[in-house]
Each structure stands twice: as structure tokens, then as C-alpha cells.
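The values are calculated or read from the model by the stated rules, or taken from the named source; none is laboratory data. Small disclaimer: the values here were computed from a predicted structure and weren't measured. Glycine also receives a Cβ, built like all others from the backbone with ideal geometry; neighbour counts cover every protein chain displayed. Side chains are part of the model used for accessible areas, which takes the heavy atoms of the whole protein and leaves out ligands, DNA and RNA. Shrake-Rupley method; radii C 1.70, N 1.55, O 1.52, S 1.80 Å.
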Amino acid sequence: MQSILIANRGEIAIRIIRTCREMGIKTVAVYSEADANSMHVKLADRSLCIGPPEPSKSYLDIPRIMSALEVSGAEGVHPGYGFLSENPRFAEIVKSSGKVFIGPSPETLELVGDKVKAKEVAKRVGIPLVPGSDGPVDFQKALETARSIGYPLVIKAAAGGGGRGIRVVWSEKELREKLPLAMQEAEASFGDPRVYIEKYLINPKHIEIQVLADKYGNVLTLGERECSVQRRHQKLIEEAPSLSLTEEKRKEMEELVALFCKEIGYEGAGTVEFLMDAEGNFYFMEVNGRIQVEHPVTEMVYGIDIVEWQIRIARGEKLNIKKPQRRGYAIECRINAEDPNTFLPSPGKVEELYIPGGIGVRVDTHLYCGYAVPPYYDSLLAKLICWGETREIAIKRALRALEEFRIEGTGLKTNVEFHKRVLSSREFQQGKHHIRFVEELLY
Ligand code: MV4
């Protein structure tokens with residue numbers, strides 16, 4: 001592969017360009033009219049405008065991306081995260097046009113995109129599941145399952161994921177009301193009315209295992225990330241390793257994830273998501289078939305370039321490395337353009353910028369002084385990732401780096417102060433936080 005088109009924008013497009021450069025691979029950026037002045041456009045070897053600002057007419061528009069791919073002559077496509085990254089139709093179209101999709105096969109994306117099918121595979125290989133319906137439910141089956149597992153429970157859309165299409169139900173009365181609504185909503189949002197139910201876990205932790213797998217059945221797991229600091233399914237802080245896992249539990253989860261990947265012939269980078277209760281029981285949630293926003297924390301503790309391995313796997317190389325030694329602790333803070341009180345997006349022009357640095361500090365960002373943050377896309381401005389020999393050192397270093405960070409501009413607000421508050425809190429420092437921590441911290 002001599003040239004790769006990056007079907008994305010922002011910090012992840014730059015992240016991919018950097019690895020391509022180091023590998024001697026030329027890059028092609030695509031951009032919307034709102035992104036003409038974006039950093040990824042300036043950094044790529046070549047850039048092509050693909051349409052208007054709205055994602056549906058640019059970064060999500062398959063024909064426009066395919067035209068750019070044809071025109072550019074690039075041999076591969078890296079989809080980044082979000083946008084088309086887990087779209088099996090896009091992966092199939094790229095493949096049938098004779099190009100390389102840097103990610104799992106269309107069949108795998110189809111399978112893991114179906115939460116019911118993914119759960120079936122998890123069950124087959126012995127991964128613990130939350131008690132619930134085996135497969136999709138109709139009204140009758142839902143009531144039966146609910147009577148055997150009890151309340152509270154959650155209704156989830158088979159085609160949902162990442163928190164989309166999930167409802168908590170506390171009583172049979174509520175189930176009778178909400179089930180038809182959930183099915184209608186699933187049909188309207190995903191074109192698939194199938195829903196399933198699970199016992200609702202109270203205040204769990206979100207733990208995910210990173211995996212790399214090649215075309216030849218070699219699977220390498222790279223430990224976990226804990227992503228419990230989130231608000232409305234938007235992760236805000238991620239770290240590796242998690243204080244909540246013993247080496248023994250980590251090994252058990254990694255072995256199960258490797259079995260899952262081998263069972264379905266998984267290829268590329270991926271993440272298997274779990275919830276963990278206060279007793280340390282873990283339960284399968286879903287699989288993400290893409291590079292994730294929070295991948296740098298794994299890179300920092302394992303000393304490995306995950307994007308490099310995505311590309312090497314896609315071009316047919318063997319994953320012939322032994323598992324790297326994990327070292328120390330890494331914490332990522334997502335710096336968003338949002339109002340600190342309302343959490344609403346707050347884009348604007350960057351007029352003053354100072355990016356922290358120094359030992360153990362990595363910042364992945366597309367910001368530069370004078371850049372106008374467009375209002376059309378997610379509000380991620382920068383990822384601050386700090387490493388330390390111990391978790392305490394990583395936290396202190398992150399607080400030091402947050403103190404250095406300066407992002408100022410008219411209309412531009414950030415959540416830098418929010419991060420200082422979380423990192424200074426006793427719950428976070430003791431690792432006692434769970435997925436409802438932010439709500440409890442703020443209210
Ligand atoms: C759950 C749950 C509690 N019990 N399933 C939301 C995202 C999706 N990946 C799974 N999600 C949840 N599933 C059961 N049986 C609570 C959540 C959940 C959640 C999970 C991870 C991180 C943040 C969350 C926020 C709200 C709900």
C-alpha cells in the first residue's frame with residue numbers, strides 16, 4: 001500500500017497521517033467545505049473536497065468518498081472512528097472496487113453490528129452474559145423473561161449500540177408501555193425493530209479489552225481500558241490499566257476475548273466492551289470494530305502503535321510479535337468545546353492556544369491558533385494523555401498539564417476545569433467511580 005485515503009477529519013485524521021508518514025505511505029485527506037482550513041487538510045500529501053458541511057453530504061456520503069478514492073488512486077481507506085467506520089456496506093463497496101478497507105471484513109462488521117448475534121457468539125465461547133432474553137423478544141417473550149429475571153431491566157435495540165436505543169424499565173406496567181415504543185423507535189432509528197432485554201446492572205464500571213487480530217488467526221490482546229467517567233454515553237476520561245482488575249481477572253477476560261475473535265475470524269483492531277459490578281463480575285456488552293478515540297492510553301502503557309498494526313494487518317502482514325510488557329498507567333482527558341455548565345457544544349475561533357508538553361505527556365489535537373472550530377461535527381478539540389509509573393503520578397501529571405493548557409477564543413468554551421475537578425476528586429483517585437459518577441459529582 002503506497003497511498004491511503006483517510007475518510008475522516010479532526011484529530012483522528014491527523015493521528016492516521018502521522019503513522020502513514022512514519023511508514024512511508026502517502027496520504028489523501030478528504031474534507032467538507034466547513035473543513036477547508038482544517039489541519040488534516042494541510043498535513044496530508046493531497047486533499048480533496050468532497051462536499052458541503054453536513055456529514056450526510058460529505059463524510060457519510062459513500063458515493064462521494066468512493067469518487068475521491070478513484071480520483072486519488074489511493075489503494076487503501078482508513079475510516080477512523082464514527083462516520084463510516086463500522087458500516088458493512090461501505091467496507092463491502094471499498095473491497096469490491098479493488099481497494100483495501102483498513103478494518104474488519106464486511107461480514108464481521110455486519111455480525112458485531114447485530115448485538116443479538118454478537119451476544120450469541122459471546123455465549124458460545126463462554127463469555128458471561130447479563131441474565132436476559134436469549135435473542136430478540138416479542139411482547140409475550142418479554143413478559144415471560146421479565147418474570148424470571150425481575151426488575152429493573154433494560155430494553156436494547158439489536159441494531160443499537162454505544163448507548164443508542166437503550167431504555168431502563170422498573171416495573172411490568174412500564175414494560176408493557178415501553179416495549180412497543182422501543183420497537184417502533186428501533187425500527188425508525190435503525191430500520192430494524194428487534195429488541196432484547198437484560199437485567200439492569202446498577203452502577204457498574206465500563207471496562208473494554210483492546211484486541212488486534214490478523215488474517216491468519218493470530219490474536220493479540222492489549223489489556224483493558226476503563227472508561228467509567230462519561231456523561232450521556234460520551235466518554236470523558238479513560239485509563240489503562242483499571243484499578244478494578246487483578247492480573248488474574250485481566251488474563252481471564254483477555255483469553256475470552258481472544259476466543260471470541262478466533263471464533264468469528266476477526267481481523268483488524270477491535271474492542272470488546274464489558275460492564276463490571278462491584279463484586280468484580282464482568283458481563284459482555286458489545287464489540288466495536290474500529291479504532292477508538294481512547295486507543296492512546298493502550299498505546300502508552302504497551303508501547304505499541306495500534307494504527308500501524310491496523311495498516312500492517314490490512315496489507316496482509318502477520319501479527320508476529322510477542323505481547324509487549326505493560327508499563328505504568330495512562331489517563332486520557334477528552335478536551336471538548338462545550339459549555340461547562342450546560343455541556344452544550346460551544347464552538348468558536350481559537351485565538352490563544354498553548355498546548356502542554358513535557359515528560360509523559362501526549363496531546364492529540366487538530367487545533368492551531370486562528371482555527372475556527374466548525375459547529376457541524378463532534379466537539380472533541382484535543383486528547384490529553386498522561387503517563388506515569390504509578391496511577392498517582394499519572395493523575396498529578398495530568399493535573400499539571402491541564403494547568404498549562406490554554407484554549408481561548410470568542411465563543412469558545414472548554415471542559416478543562418471539569419477535568420481538574422474529576423482528577424482531584426477522592427472517588428476518582430481511589431478508583432471508586434462508576435458510570436454514574438459524573439451525575440453524582442455534579443448534582
Ligand atoms: C447496560 C447497563 C446496565 N445494565 N446493560 C450503554 C451503552 C452500551 N454499550 C451498554 N450500556 C449499558 N448497558 C445492562 N444490562 C448500563 C449501560 C450504560 C452504560 C454503559 C457503559 C458506559 C456508560 C453507560 C451509561 C448508561 C448506561
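The conditions are (1) more than 15 Å from the chain's Cα centre (by Cα); (2) of a type in the set (Ser, Thr, Tyr); (3) in the same structural domain as ARG46 (by TED's automatic domain parsing), and THR108 fails exactly one of them. Which is it?
So the condition that THR108 fails would be (3).
Which of the residues that make up the range 316-328 are charged (D, E, K, R) and either surrounded by 14 or more Cβ atoms within 10 Å (Cβ to Cβ) or closer than 16 Å to VAL219 by Cα (or both)?
Listed by number, the residues that qualify are GLU317, LYS318, LYS322, LYS323, ARG326.
Go through the range 158-197 and give me each residue that's in a strand (DSSP E or B) and out of contact with any helix residue (DSSP H, G or I) (no Cβ under 8 Å at 6 or more places or on another chain).
Result: ILE166, VAL168.
If the Cβ limit is 9 Å and pairs must be 6+ apart or interchain, which residue in the range 93-105 that is within 11 Å of PRO79 (Cβ to Cβ) pairs with which residue that is among the hydroxyl-bearing types (Ser, Thr, Tyr) and open to solvent by less than 20 Å² (accessible area, probe 1.4 Å)?
So the pair list comes out as GLY103/SER85; PRO104/TYR266.
Which one of the conditions (1) under 29 Å from MET1 (Cα atoms); (2) in contact (Cβ under 8 Å) with a residue 24 or more places away in the chain; (3) out of contact with any Gly (no Cβ under 8 Å at 6 or more places or on another chain); (4) not in a strand (DSSP E or B) does LYS322 fail to meet, given that it meets all the rest?
(2)
Condition first: out of contact with any Gly (no Cβ under 7 Å at 6 or more places or on another chain), part of a loop (DSSP other than H, G, I, E, B) and over 24 Å from LYS262 (Cβ atoms). Now tell me which residues in the range 77-111 satisfy that.
Correct list: GLY80, TYR81, GLY82, PHE83, LEU84, ASN87, SER97, GLY98.
Which numbered condition trips up ARG176, out of (1) more than 25 Å from GLY135 (Cβ to Cβ); (2) more than 15 Å from the ligand (Cβ to nearest atom); (3) not acidic (Asp, Glu)?
(1)
Do any residues in the range 139-154 that are within 19 Å of MET285 (Cα to Cα) have Cβ atoms under 8 Å from those of residues that are open to solvent by 20 Å² or more (accessible area, probe 1.4 Å) and among the aliphatic types (A, V, I, L, M), where the two are at least six apart or on different chains, and which pairs are they?
PRO152/VAL168; PRO152/ILE202; LEU153/VAL168; VAL154/ILE166; VAL154/VAL168
Among what's in the range 254-299 and is of a type in the set (S, T, N, Q) and outside any strand (DSSP E or B), pick the residue that is most open to solvent (accessible area, probe 1.4 Å).
The extreme case among them is ASN281.
If you scan the range 338-355, which residues turn out to be hydrophobic (A, V, I, L, M, F, W, C) and either outside the structural domain of GLY370 (by TED's automatic domain parsing) or at pLDDT below 90 (or both)?
Of everything in the range 338-355, just one residue is hydrophobic (A, V, I, L, M, F, W, C) and either outside the structural domain of GLY370 (by TED's automatic domain parsing) or at pLDDT below 90 (or both), namely PHE343.
Can you give me the number of residues within the range 214-233 that are within 14 Å of the ligand (Cβ to nearest atom) and modelled with pLDDT of 95 or more?
Going through the range 214-233 one residue at a time, the tally reaches 7.
Identify the residue in the range 130-170 that is touching a Phe, Trp or Tyr at 6+ places or on another chain (Cβ under 6 Å) and surrounded by fewer than 13 Cβ atoms within 10 Å (Cβ to Cβ) and, among all such residues, is nearest to ARG231 (Cα to Cα).
VAL168
Which residue pairs have Cβ atoms under 7 Å apart, sit 6 or more places apart or on different chains, and have a first residue in the range 2-18 that is touching a residue at least 12 places away in the same chain (Cβ under 8 Å) and a second that is of a type in the set (Lys, Arg)?
GLN2/LYS26; SER3/LYS26; GLU11/LYS383
Looking only at the range 194-220, count how many residues are out of contact with any strand residue (DSSP E or B) (no Cβ under 8 Å at 6 or more places or on another chain) and buried (at least 19 other Cβ atoms within 10 Å of the Cβ).
Summing the residues that are out of contact with any strand residue (DSSP E or B) (no Cβ under 8 Å at 6 or more places or on another chain) and buried (at least 19 other Cβ atoms within 10 Å of the Cβ) in the range 194-220 gives 1.
So is SER244 of a type in the set (Gly, Ala, Ser), within 16 Å of the ligand (Cβ to nearest atom), in the same structural domain as PRO296 (by TED's automatic domain parsing) and part of a loop (DSSP other than H, G, I, E, B) or not?
Taking the combined requirement at face value, the residue satisfies it.
Taking into account only those residues within the range 329-344 that are under 22 Å from the mean Cα position of the chain (by Cα) and surrounded by fewer than 19 Cβ atoms within 10 Å (Cβ to Cβ), which is nearest to GLU238 (Cα to Cα)?
PHE343
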